[in-house]
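The values are calculated or read from the model by the stated rules, or taken from the named source; none is laboratory data. As the structure is a computational prediction, the values presented were derived from the model and not from experiment. Counting neighbours? That spans all protein chains shown, and the Cβs are built from the backbone with ideal geometry, glycine included.
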Amino acid sequence: MRLGAALFNGDHTRLGEEIAQLEAAGLDFIHHDVFDGHFVSDLGFSPRTIAALRPLTKLPFEVHLGAQEPLRFVPALAEAGTDLLLVHAESLTMLYEGLFVIREHGMRAGLALTMGTALATIEPVIGMTDAVLLLARVTGEGTRGAVYDPRVLHRVRALRGMIDAAGAMVDLQVAGSVKREHLPELAAAGVNAVAFGAGIYKVPDMAAEVAAMRALVGGGPGT
């Protein structure tokens with residue numbers, strides 16, 4: 001299982017130092033939230049901020065794009081150095097075309113789904129999707145619904161079955177108030193990657209926390 005962290009939850013006055021800390025702790029990727037204030041209520045990082053941070057680490061940059069008209073962000077995010085772009089299926093009117101545009105700009109193409117969106121929505125394009133991010137809480141920053149919902153496990157199992165039935169290679173991700181104790185059940189259900197939020201920044205020793213997480217799920221890319 002790959003372990004990452006959402007930089008948006010870090011200290012915005014010292015983002016470069018936050019990235020160095022995440023890398024030193026042994027995490028596998030940086031998760032960036034790009035929100036437009038309309039699709040979700042909060043605002044997230046701009047492509048310009050991501051571009052400024054890109055030279056500071058070799059860790060992959062994986063962008064969670066919660067925006068209306070998301071494809072207008074694609075060129076700027078590609079230029080900023082995004083490796084994987086996860087666009088909300090709920091914001092795309094044509095899934096196939098959206099994934100094609102992302103790939104056309106040299107990025108891996110993924111889809112994100114909120115808790116209330118049927119998995120069947122993405123089944124027709126699962127074979128051309130590099131990753132799917134299932135959210136386990138209300139989308140966006142804030143306290144409303146900011147609790148891990150265990151019902152995401154049923155969705156993970158169903159999506160894993162869909163992926164396997166299609167013979168596809170899809171990175172199955174979960175994010176949203178995930179904590180260390182949730183990892184064994186998520187791994188058993190078929191999750192490949194987890195992006196941690198505010199919780200990873202609150203532990204006294206981030207490197208020790210990451211090591212403990214890897215021990216629970218049998219190691220990972222950072223070991």
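Structure values in brief
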item	result
Selection within the stretch 6-21 - under 15 Å from Ala52 (Cβ atoms) and surrounded by fewer than 16 Cβ atoms within 10 Å (Cβ to Cβ)	His12, Thr13, Arg14, Gly16, Glu17, Ala20
Complete set of residues in the stretch 1-21 that are over 16 Å from the mean Cα position of the chain (by Cα) and in a loop (DSSP other than H, G, I, E, B)	Asp11, His12, Thr13, Arg14
In the stretch 49-84, the residues that are among the basic types (Lys, Arg) and in a helix (DSSP H, G or I)	Arg54, Arg72
Residues located in the stretch 123-139, provided they are over 19 Å from Ala189 (Cα atoms), touching a helix residue (DSSP H, G or I) at 6+ places or on another chain (Cβ under 6 Å) and of a type in the set (A, V, I, L, M)	Val125, Met128
Qualifying residue in the stretch 33-53 (condition: out of contact with any helix residue (DSSP H, G or I) (no Cβ under 9 Å at 6 or more places or on another chain), closer than 23 Å to Gly110 by Cβ and at pLDDT 95 or above)	no
Some residue of the stretch 87-94 being closer than 19 Å to Phe8 by Cα and at pLDDT 95 or above	yes
Sole residue being in a helix (DSSP H, G or I) and either crowded, with 19+ Cβ neighbours inside 10 Å or in contact (Cβ under 8 Å) with a residue 12 or more places away in the chain (or both), chosen from Ala158, Ala168, Ala188, Ala109	Ala158
Members of the stretch 22-38 that are buried (at least 18 other Cβ atoms within 10 Å of the Cβ) and not in a strand (DSSP E or B)	Leu22, Ala25, Gly26, Leu27, Asp28
Residue count, the stretch 162-177 (criterion: under 13 Å from Glu123 (Cβ atoms) and in contact with a His (Cβ under 9 Å, 6 or more places away or on another chain))	0
Residue satisfying all of: in the stretch 68-91; aliphatic (A, V, I, L, M) and surrounded by fewer than 20 Cβ atoms within 10 Å (Cβ to Cβ); farthest from His32 (Cα to Cα) among these	Leu71
Which listed residue is crowded, with 16+ Cβ neighbours inside 10 Å and within 22 Å of Ala67 (Cβ to Cβ), from Ile126, Ile163, Ile122	Ile122
